[in-house]
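Enquirer: There's a structure below that I have some questions on.
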Amino acid sequence: MVNTPSLETITALAKRRGFVYQGSEIYGGFVGVYDYGPYGVELINNIKEAWWRAMVREEDNIVGLDSAIVTQPKVWEASGHVGGFSDPLVECKECHTRSRADHLIEGAGAFADEKMSVEEINAVFDGVREKVSCPQCGKKNFSVVRQFNLLVQSNLGNFSEDWTKEPTYLRGETCQGIYINFKNVMDTTRVRVPFGIAQIGKAFRNEIAPRQYIFRKREFEQMEMQMFTRPEAMMEVYEEWRTKRMQYYLNLGFKKENLQWHQHENLVFYAKAAWDIEYRFSFGFKELEGIHARSDYDLSQHAKFSGADLSYTDPVTSEKYTPHVVETSVGVDRTFLAVLTEFYAEDELGGELRTVLRFPYRLAPIKVAVFPLLKNKPELVAKAREVYNALKGDIRAEFDDNGNIGKRYRRQDEIGTPYCITVDFDTLTDGTVTVRERDSGEQKRVAISALKEVVGK
Ligand code: GAP
């Protein structure tokens, strides 16, 4: 039986142990925005490192990029975001709460998605109006559905009084930065089609109803890779990446039964295929990552709007074409929530109930904690500090002399630290310490000289 922890359980642990804080909390919060605390940022860095390793370091033909968050505004006209990047919004006429019409429709047992026209979605909404209540006040008095553009505007570089007439935009997805640098990367490196460009970075969307904690945020982070292929090879490359991306999560330690495929049937006109990898969150199976076959739409659009030549000439055959694109796109924050959910456990150890994050070693924010057995024995504290100082440069380590040993173990279990080292009186005479393993609770004596090997993986 699958035992998924509730969102409240995860949220409470993440707050209590310094993983995630509500954004601007001391000012009462700021909807759709969160801050990552000391252990959160370590976990985020490890998630990004795992993705970068799989996508860039272990691949021969993928290179990295870090493009700007703000671009020339024309980028978002070319991409179609200014004209069509919207979600269907409906307003409660009683309390003025705005909701996603497609989500309300889904909750009423019918189907709608953000790709439908406003007429189509109004027709579906009218069909279920009677069954839908406002999530805030419970009344059933809604406006018509209208499309709401999700791009976040900015006045960067615009000093006119009404800058909203010609705004710049915070990027709504990171991949547009990849398309507009396609030529730069081709001209300055030795890549040849098929090749990919990978990028991790912030994206912004004016989500109508950010919800489910860090699942749907207004400021979030994406890890995207665009693979540029020969037109006729796109679907083969697409299938390769579908296999690789699912395997990636299994390699990270996710259970197979917590992952599933979802195929999009309602495709935008230029897309040839779109599948999501869904994860079993506490609120059901939901999109974690999207894998899309996008044809040459993006490069062709940017070529048209910018005037740049974004074609590729095969160096062997001299064949000239616009590459087609396979995209893999996953949110850092969604991965973070999936990781917390997947590795959260409650078990009994030594007759005591405990909460433990069974993170794989590579994801654990802290790899090893070092304790002196007693805080009030200077010789133990000094020796423990010496052990800690010797490890901390190579292995992410933490020194802890607060509370009794039991409490320290519980704290480290709750942040998912794989190993705890205790320095005791024997250490002073025989140079060994106790190493306790997180999941089994097993303890063994290890020579200080062998510690890096044992706790460094
Ligand atoms: N370039 C394609 C693209 O952006 P998407 O399905 O809109 O496609 C890709 O987003 C991924 O980004 C999603 O699978 C999800 O993991 C993440 N994502 C999208 N919107 C998000 C939001 N509001 N908050 C957190 N993550 C989000």
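Derivation of every value follows stated rules applied to the coordinates shown; laboratory data play no part. Model, not experiment: these values are computed from the prediction. Because the Cβ atoms are built from the backbone with ideal geometry, glycine has one as well, and the counts that use them run over all protein chains shown.
Enquirer: Compute the acute angle (0 to 90°) between the alpha-carbon long axis of helix 118-128 and the principal axis of greatest extent of the alpha-carbon atoms of the chain; round to the nearest 10°.
Expert: Orientation of helix 118-128: about 70 degrees from the principal axis.
Enquirer: Return the subset of 375/444; 183/244; 392/452; 217/286 for which the Cα-Cα distance in this structure is over 19 Å, preserving the input order. Show your work: numbers first, answer last.
Expert: Numbers: 375/444 22 Å; 183/244 27 Å; 392/452 10 Å; 217/286 15 Å.
Over 19 Å Cα-Cα: 375/444; 183/244.
Enquirer: Run through the range 207-290 and list the trypsin sites (Lys or Arg not before Pro) located in a DSSP loop whose Cβ has at most 12 other Cβ atoms within 10 Å. Before the final figure, lay out each step's value.
Expert: Numbers: sites: 211, 216, 217, 218, 242, 244, 245, 255, 256, 272, 280, 286; in loops: 211, 216, 217, 218, 255, 272.
Counting only loop positions with at most 12 other Cβ atoms within 10 Å, the trypsin sites (Lys or Arg not before Pro) in the range 207-290 are 255.
Enquirer: Name the residue from 388, 7, 418 whose Cα lies farthest towards the positive end of the charge dipole of the chain, charges +1 on Cβ of Lys and Arg and -1 on Cβ of Asp and Glu.
Expert: 388
Enquirer: Have a look at 227, 308, 399 and report the one farthest towards the positive end of the charge dipole of the chain, computed about the Cα centre with Cβ charges (Lys/Arg +1, Asp/Glu -1).
Expert: Comparing the listed Cα positions along the dipole, 399 ranks first.
Enquirer: Something else: How long, wide and thick is the chain, going by the Cα atoms along their three principal axes, in whole angstroms, largest first?
Expert: Each principal axis gives a Cα extent; for the chain these are 77, 66, 51 Å.
Enquirer: Looking only at GluC sites (Glu not before Pro) in DSSP loops with at most 15 other Cβ atoms within 10 Å, what is the longest site-free stretch of the chain?
Expert: 320-441
Enquirer: Where does the chain land at 222 nm, in deg cm²/dmol rounded to the nearest 500, when only DSSP H runs of n ≥ 4 count, each adding -39500 (n - 2.57), divided by all residues?
Expert: My calculation for the chain gives -9000 deg cm²/dmol from helical runs alone.
Enquirer: Here's something else I'd like to know. Identify all lysines with a Cα-Cα distance to residue 377 below 21 Å; exclude those on the same chain that are fewer than 8 residues away in sequence.
Expert: Partners found: 407.
Enquirer: If I take R0 = 56 Å and measure r between the Cβ atoms of residue 346 and residue 314 in this structure, what FRET efficiency does the formula 1/(1 + (r/R0)^6) give, to the nearest 0.05?
Expert: 0.45
Enquirer: With axes computed from alpha carbons, what is the tilt in degrees of helix 7-16 against the longest principal axis of the chain, rounded to the nearest 10 within 0 to 90?
Expert: 60 degrees
Enquirer: Can you tell me the 0 to 90 degree angle between the C-alpha axis of helix 297-306 and the longest principal axis of the chain, rounded to 10?
Expert: Between the helix axis and the principal axis of the chain, the angle is about 70 degrees.
Enquirer: Okay, moving on. Cα extents of the range 155-297 along the three principal axes, largest first, in whole Å?
Expert: Sorted largest first, the three principal extents are 55, 43, 30 Å.
Enquirer: With a cut-off of at most 12 other beta carbons within 10 Å, and DSSP calling the residue loop, which chymotrypsin sites (Phe, Trp or Tyr not before Pro) in the range 127-199 qualify? Please list them.
Expert: Within the range 127-199, the qualifying chymotrypsin sites (Phe, Trp or Tyr not before Pro) (loop, at most 12 other Cβ atoms within 10 Å) are 159.
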